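The values are calculated or read from the model by the stated rules, or taken from the named source; none is laboratory data. Note that the structure is predicted; figures quoted are calculated from it, not measured. Cβ sites come from the backbone with ideal geometry, for glycine too, and all protein chains shown count toward neighbours.
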Amino acid sequence: MPQTPAYKRVLLKLSGEALMGDDSYGINSGTVDRIVGEIAEVLNLGVEIAVVIGGGNIFRGVTPAASHMDRATADYMGMLATVMNALALQDAMRRVNLVSRVQSALNIEQVVEPYIRGKAMRYLEEGKVVIFAAGTGNPFFTTDTAAALRGMEMNVDLVLKATKVDGVYTDDPKTHPDAMRYQRLTFDEAIIKNLRVMDATALTLCRDQKLPINVFSILKPLAFRRVVLGEDEGTFLHI
């Protein structure tokens, strides 16, 4: 019996660290291939997918390595790292015949397309995966904020925050085995309890635009698919 997705268009927020696998740095090809397989499962349901990708596996502007750098310069370096990750993700998709397009908030036209909202919307309607790189194109804003912004611009039904933990917990489940997973949370609860689901700017944007978020584990097989089918997977944040 065919399964009907609960959402027509979604945005997947992938951290750069998600691409590392068990490595301490860089891009693990096996991990990227597995993530692409998860994306393919959801595409096969007829869901349109946009992706915002981070760069923390290569460089982050807030790490000790950047502590003596000008913050704006460090953030631009982090944006360039997201472009590298986007190209790696696109190449992995190409190998399994998934059609994708990379659009960057920074103009690097010899490598990737510039971000153009109308073109991105058309690509999604054509069934292509659109990978957004370089965050918002501005320093001092995280890729979480970029995910909220692009999600609103693309008129998605849901933002999915892919993490290494299967939802939001009352405490760190690694150090507190009795920590409980929240099945549902309001944006205000997440902000007041300082649960660090996403940064405060991203949460506020999604709250104000009534754009729900689902936090789930990208390491859990088929979790992405289960979220899109509307099953109890991860933590659902709502107004």
Complete set of residues in the range 192-202 that are touching a residue at least 40 places away in the same chain (Cβ under 8 Å) and outside any loop (DSSP other than H, G, I, E, B) | Thr201, Ala202
Subset tally (residues that are surrounded by fewer than 18 Cβ atoms within 10 Å (Cβ to Cβ), within 19 Å of Asp166 (Cα to Cα) and touching a helix residue (DSSP H, G or I) at 6+ places or on another chain (Cβ under 6 Å)) for the range 192-239 = 2
Residue satisfying all of: in the range 147-191; crowded, with 19+ Cβ neighbours inside 10 Å and either in contact with a Gly (Cβ under 6 Å, 6 or more places away or on another chain) or free of Cβ contacts under 8 Å to residues at least 12 places away in the same chain (or both); nearest to Pro212 (Cα to Cα) among these = Val159
Residue under evaluation Ala147, criteria (1) in a loop (DSSP other than H, G, I, E, B); (2) touching a Lys or Arg at 6+ places or on another chain (Cβ under 6 Å), criterion not met | (1)
Within the range 9-32, considering residues that are modelled with pLDDT under 95 and of a type in the set (D, E, K, R), the one nearest to Val129 (Cα to Cα) | Glu17
Regarding Gly135, is this residue part of a loop (DSSP other than H, G, I, E, B), touching a helix residue (DSSP H, G or I) at 6+ places or on another chain (Cβ under 8 Å) and within 30 Å of Arg181 (Cα to Cα)?
-> yes
Which ones in the range 114-129 are surrounded by 19 or more Cβ atoms within 10 Å (Cβ to Cβ) and assigned to a loop (DSSP other than H, G, I, E, B)?
-> Tyr115, Lys128
Residue that is nearest to the chain's Cα centre (by Cα) [pool: residues in the range 16-55 that are in a loop (DSSP other than H, G, I, E, B) and surrounded by 22 or more Cβ atoms within 10 Å (Cβ to Cβ)] = Gly54
Contact list, first residue from the range 211-222 and in contact (Cβ under 8 Å) with a residue 12 or more places away in the chain and on the phi > 0 side of the Ramachandran plot, second anywhere and surrounded by fewer than 23 Cβ atoms within 10 Å (Cβ to Cβ) and small (Gly, Ala, Ser), beta-carbon distance below 6 Å, six or more apart or interchain, is none
